There are 2 protein chains.
Amino acid sequence: MSLDTHATKPHEALAAHLAPAMDAVNHLIRLRMASKHAPRIPEVTAHLVEAGGKRLRPMLTLAAAELCGGSGENAVKLAATVEFIHTATLLHDDVVDESHQRRGRPTANLLWDNKSSVLVGDYLFSRSFQLMVETGSLRVLDILANASATIAEGEVLQLTAAQNLATTEDIYLQVVRGKTAALFSAATEVGGVIAGAPEAQVKALFDYGDALGIAFQIADDLLDYQGDSSSTGKNVGDDFREGKLTLPVIKAVAQATKEERQFWARVIEKRNQNEGDLEQALELFEKYGTLSATRDEALIWSDKAKASMASLPDHPIRDMLTGLADYVVARLR
Amino acid sequence: MSLDTHATKPHEALAAHLAPAMDAVNHLIRLRMASKHAPRIPEVTAHLVEAGGKRLRPMLTLAAAELCGGSGENAVKLAATVEFIHTATLLHDDVVDESHQRRGRPTANLLWDNKSSVLVGDYLFSRSFQLMVETGSLRVLDILANASATIAEGEVLQLTAAQNLATTEDIYLQVVRGKTAALFSAATEVGGVIAGAPEAQVKALFDYGDALGIAFQIADDLLDYQGDSSSTGKNVGDDFREGKLTLPVIKAVAQATKEERQFWARVIEKRNQNEGDLEQALELFEKYGTLSATRDEALIWSDKAKASMASLPDHPIRDMLTGLADYVVARLR
């Protein structure tokens, strides 16, 4: 694992480099989240959009476009598009997960209600759809339509498979692509397409986003068991308490004795948990080395992301994207 | 009000005329609602799609396309598109309205859960998006993106305005456009566009769908107070019990005495309802003639729909569409 050696973090370097374009993206987001008739829409959206997310996805679109020699109005529109899609999925996710906190603040479904989160999510998805149509690129529309289907399918899959001990690492990967990687890869791919990049570069940008997203999500799932809540905004063991079958658990289940399997069936499938169960799970992770095996997988995907940069032009942005692939796994131990 | 004098109802005549194309639409719907990985998706969708809805929206698209001399694969794709959008909105509506019955059967949110309805709705919306992209028509994408935004905005508006006595007839009309007319008008408009119809005909098709949708929704809101549940599948006064500010109530509130206004504030805004309140509301409707005034509005929109047919080609389908505009208000008394 290589550590980030720059003074600033890679996403901060990207943010600094892309600041003027990101200002345009933020302006467009505020403009398009407005609703003449239904003030509830910008209220709910602003709560989430202005909560200080990193705006990683729109930055990926702008970075990909600039890296391939094209930026401008359409790149800004697509950056706003992916942020709208992201925000819409967060609103729906919080309803589905019955979450009460997001980015350290109460969720919209808690502050308003589930109804508002469902409908405002639908509205933002429609707004993203209008924005991408404005670019006039059928290729971009095709990419984002497919990404949307992968996202929605992954969410349903997570709902039905996530508490089933038979869930394999393959299914986990599909869920991760839906949850995270599909929008990352669409974000970088449409950046390349709108810049008119050659096919090989567009493919490399897709691969980068896909691998980065997977590394990011595996790292996130791992940190749920080893992070500290001050840096992640989540409490250790949240996924465990919600009965989520993430990679460390899947790997432990695969090697479990009959007795251990009964433990996992009780705490994950039945979500019948007692004091000490989290500690027991951590011991089983230790016994089979599943946390470090999970970390190794995150590193493999991070390396894949970096390798895909090889066919892209030599450019400061390429270095920042490489640094970002290191950074998402640098938090892991 | 002209009554339907044909032996078959207009939507049945349309269904018979369009049967081969509708078979293709139904085949495409079943094909595209599948999910390799998440069987929950086709389960939930089939429950709704196969519950015997009239498929009015896809028929409107096919009818508009054929009327303008163009049918074929893209018209079938767009017909499936509008049915998917419709089904997605029904799934989300039932979550938002906490409904337990739809088309005489338990709702998906009751049979499965709200989560499944939210996510499967998202999936169907994504699938509709993929289908429309396949037609390769940016004009079609623009129309459906705008319709989606109008639908979502109307739903939020209904959520926030529907229980506010200050709601005007203008706002009611915006809600109705979002709930019903936006998808009707998009369905007919994209039919004309995909058939390569001249602008004047495309405009006429939009106007027809818009007026038909408004007439349909006003009639639906009126029947809530005077229909019998065996034909509408709803119980008389459902909207009243849910505190919905539909046209008969808005018209009664506009003319209310101070005392009557207090009654409306209690039963609609506060939803604090007692035995006899529905009867009291019906008496106030009678006092101000708001049910017949509402019926008159439905007839005006039905006439507008028929008038917009004037610039379209003389064709059996045109007669069926005219008959349909009569039919949606023929149920009213």
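Derivation of every value follows stated rules applied to the coordinates shown; laboratory data play no part. Everything numeric in this text was worked out from a predicted model, so none of it was measured. Neighbour counts run over all protein chains shown; Cβ positions are idealised from the backbone, glycine included.
Here are the numbers for this structure:
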quantity	calculated
Sequence-distant residues sharing a close amide H with B:Lys244 (under 5 Å, placed H)	none
Between the stretch A:295-333 and the stretch B:285-327, the Cα center-to-center distance that results, in Å	62
Sequence of A:Leu278, A:Leu28 once ranked by neighbouring C-beta atoms within 10 Å, starting from the fewest	A:Leu278, A:Leu28
Zone residues, the stretch A:273-308, relative to A:Ala200, backbone N less than 19 Å from point 7 Å out along Cα-to-Cβ	A:305-308
Inter-centroid distance (Cα atoms) of the stretch B:238-284 relative to the stretch B:130-165, Å	30
Test item: Cα-centred dipole of the stretch A:10-330, Lys/Arg +1 and Asp/Glu -1 on Cβ, debye	700
Lys/Arg +1, Asp/Glu -1 at C-beta; the stretch A:171-220 dipole; positive extreme among A:Gly213, A:Thr188, A:Val176	A:Val176
Karplus-derived HN-Hα couplings along the stretch B:173-188 (A = 6.51, B = -1.76, C = 1.60, θ = phi - 60°), whole Hz, x at Gly and Pro	5, 5, 4, 5, 4, x, 5, 9, 5, 4, 7, 4, 5, 5, 4, 6
Cut-off under 5 Å, modelled amide H: who pairs with B:Gln255 long-range	none
Scattering curve values for the stretch A:114-194, log₁₀ I(q)/I(0), Debye with Cα scatterers, q = 0.15, 0.19 Å⁻¹	-0.63, -0.89
Charge sum, other residues only, whose C-beta stays under 14 Å from B:Pro313's C-beta, Lys/Arg counted +1 and Asp/Glu -1	-2
Spin-label model distance (nm) - A:Lys287 vs A:Lys36, 7 Å beyond Cα toward Cβ	6.5
Charge dipole (debye, nearest 20) of the stretch A:23-143; +1 at Cβ of Lys and Arg, -1 at Cβ of Asp and Glu	200
Counted charge near A:Ser292, where neighbours are those whose Cβ lies closer than 13 Å (Asp, Glu -1; Lys, Arg +1)	+1
Ranked B:Lys115, B:Lys270, criterion: other C-beta atoms within 10 Å, fewest first	B:Lys270, B:Lys115
Highest-fluctuation residue, A:Thr160, A:Thr135, A:Thr322 considered, GNM on chain A with Cα pairs under 10 Å	A:Thr160
Karplus-derived HN-Hα couplings along the stretch B:214-226 (A = 6.51, B = -1.76, C = 1.60, θ = phi - 60°), whole Hz, x at Gly and Pro	5, 4, 4, 6, 4, 4, 4, 5, 5, 4, 4, 9, 9
B:Asn272-B:Thr168 pseudo-label distance in nm [points 7 Å out on the Cα-to-Cβ vector]	2.9
Residue order, fewest to most beta carbons within 10 Å, for B:Lys179, B:Lys9	B:Lys9, B:Lys179
Candidate lysines - alpha carbon under 21 Å from B:Lys251, same-chain residues fewer than 8 apart omitted	B:Lys179, B:Lys270, B:Lys287
Amide N proximity, the stretch B:97-128 versus B:Asp238 label position 7 Å along Cα-to-Cβ, cut-off under 16 Å	B:97-111
Using θ = phi - 60° and Karplus 6.51 cos²θ - 1.76 cosθ + 1.60, couplings along the stretch B:274-285 (whole Hz; Gly, Pro as x)	10, 3, x, 5, 4, 4, 4, 4, 4, 5, 5, 4
Average Cα contact separation per residue, chain B, under 8 Å, 6 or more apart, as relative contact order %	21
Computed [θ] at 222 nm, helices only, for chain A once each DSSP H run of length n ≥ 4 contributes -39500 (n - 2.57)	-22500 deg cm²/dmol
Percentage, to the nearest whole number, of Cα pairs in the stretch B:10-330 over 32 Å apart	29
Whole-number D in µm²/s for the protein assembly as shown (Stokes-Einstein; Kirkwood sum over Cα pairs; 10 °C, 1.306 mPa s)	60
